[in-house]
1. Could you tell me which numbered condition residue 288 fails, if it satisfies all but one of (1) within 17 Å of residue 218 (Cα to Cα); (2) within 21 Å of the chain's Cα centre (by Cα); (3) acidic (Asp, Glu)?
2. Given the criteria free of Cβ contacts under 8 Å to residues at least 24 places away in the same chain and within 11 Å of ligand 2 (Cβ to nearest atom), does residue 213 qualify?
3. Looking at residue 198 and the list (1) away from ligand 1 (no atom under 12 Å from the Cβ); (2) over 25 Å from residue 92 (Cα atoms); (3) of a type in the set (A, V, I, L, M, F, W, C), which single condition is not satisfied?
4. Would you mention how many residues in the range 66-98 are touching a Gly at 6+ places or on another chain (Cβ under 6 Å) and within 20 Å of residue 187 (Cα to Cα)?
5. Looking at the range 81-96, is at least one residue within 16 Å of ligand 2 (Cβ to nearest atom) and in contact (Cβ under 8 Å) with a residue 60 or more places away in the chain?
6. Within the range 63-88, track down each residue that is aliphatic (A, V, I, L, M) and either touching a strand residue (DSSP E or B) at 6+ places or on another chain (Cβ under 9 Å) or over 16 Å from residue 24 (Cβ atoms) (or both).
7. Restricting to the range 329-352, what's the tally of residues that are surrounded by fewer than 23 Cβ atoms within 10 Å (Cβ to Cβ) and either assigned to a loop (DSSP other than H, G, I, E, B) or touching a Lys or Arg at 6+ places or on another chain (Cβ under 6 Å) (or both)?
Amino acid sequence: MLNQSFLKQAFHALSQHKMNVLLTGGAGYIGNHTAVALFEAGHRVVVYDNFSNSDRGALKRLEQILGAPVTTIEGDVRDTALLQRTLTEQQINAVIHFAGLKAVGESVSKPVDYYANNVQGAISLLQAMQAAQCKTLVFSSSATVYGDPKYLPIDEAHPTSATNPYGRSKLHIEEILSDLSASDPSWHIAALRYFNPVGAHASALIGENPNGIPNNLMPFIAQVAVGKLPQLKVFGNDYDTPDGTGVRDYIHVMDLAEGHLAALKFLTQQGGLHTFNLGTGRGYSVLEMIKAFEAASGKPVPFSVAPRRAGDIASCYASVDFSAKQLNWRATRDLKDMCESGWRFQQQAQQV
Ligand code: NAD
Ligand code: UFG
């Protein structure tokens, strides 16, 4: 039987220009969800991943959602020749570059790995794209490039800085993209600065399933709720925020995925380099997140207050006016949806 996703895709393919889109790091958390959004909008996705932080199981579940196979190339983004061959053979029109390492703490202890994977990986990709004459790129940047906020909400004109090698790798890549765009106006590039992506696809088949003990709040809370971890440590309750705990702009990963679709559409009409925040514009504290997750799951999330985590800031949330205006895109899913979908995925992940 044809599933709903397949029918949606067939409908969209007829009604709009269909692109072949390469997703580097497409087997990962955000790449997987973006693949769903692209497919449903009628595009063909090709995944390119070295599976250093993912596995083929996630792609199998992605194929289950789509009701169709996904062309997958196993490779490292530093393999320029393989990338170039892939771009040509798969007739790729645009690339979304998710591939990279993303753990802030690990980047401090393994800086060279981070610069090699992230910066060298991006350079290799740009060389391959240049050689294949494929010049449309969406890049996964991060709100971490804003450093300690000088003002809130953070707009795209906010000064940038980095406090760790991960953040610096993102900044370096943004600078390279800026130089490239200045040197050759035929590139169409969007740098998307993600705030805090959370939650999962409604099917609960794909979601965030980090190896080992999670670094980030939401997967940690989910693992406490499901009984895999005993309790959460709240890193500091003496920040200058309404309840003293850190405030972040959590965005549903499907909203984020749709932001990529909007950016691709924008790039079909606009050349040059464009930078956008992808957030909701609304901040929630750690305590608010715990409460929302408890309500969504019906499970208690025991916690204790611990000292502040090194490098953390008090509050961080986006101004989304520019993205809304330019991309005609806004996050629509609320905190309840983020927690409920995250919880459904966590329960499913326990059983796999
Ligand atoms: P993820 O680790 O789930 O996915 C990244 C994917 O890239 C993985 O499948 C991994 O195997 C692959 N990969 C890593 N290095 C590679 C290489 N050298 N060659 C080929 N494949 C490689 O991470 P994610 O959460 O989906 O993040 C995607 C992107 O978004 C990353 O660039 C990350 O820095 C950025 N980002 C993530 C967040 C977040 O909170 N998740 C926030 C801001 C920015
Ligand atoms: N927190 C806890 N306990 C935990 C984990 C987190 O109290 O066990 C708190 C943090 O102190 C912070 C908030 O929960 O106040 C969110 O922390 P996360 O680690 O989930 O997210 P961050 O905002 O610190 O960083 C994340 C990614 C970065 C990215 C940034 C902005 O890890 O890579 O979002 O997109 F750059």
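1. Of the numbered conditions (1) within 17 Å of residue 218 (Cα to Cα); (2) within 21 Å of the chain's Cα centre (by Cα); (3) acidic (Asp, Glu), the odd one out for residue 288 is (2).
2. The answer is yes for residue 213.
3. (1)
4. Residues that pass the stated criteria total 2.
5. Narrowing the range 81-96 to residues within 16 Å of ligand 2 (Cβ to nearest atom): none.
So far as the range 81-96 goes, no, none of its residues is within 16 Å of ligand 2 (Cβ to nearest atom) and in contact (Cβ under 8 Å) with a residue 60 or more places away in the chain.
6. 65, 66, 68, 70, 73, 77, 82, 83, 87
7. Number of matching residues: 6.
Every number here is computed from the coordinates shown, using simple stated rules; none is lab data. Quick caveat: nothing in here was measured; it's all calculated off a predicted structure. Note: ideal-geometry Cβ built from the backbone for every residue, glycine included; neighbour counts use all protein chains shown.
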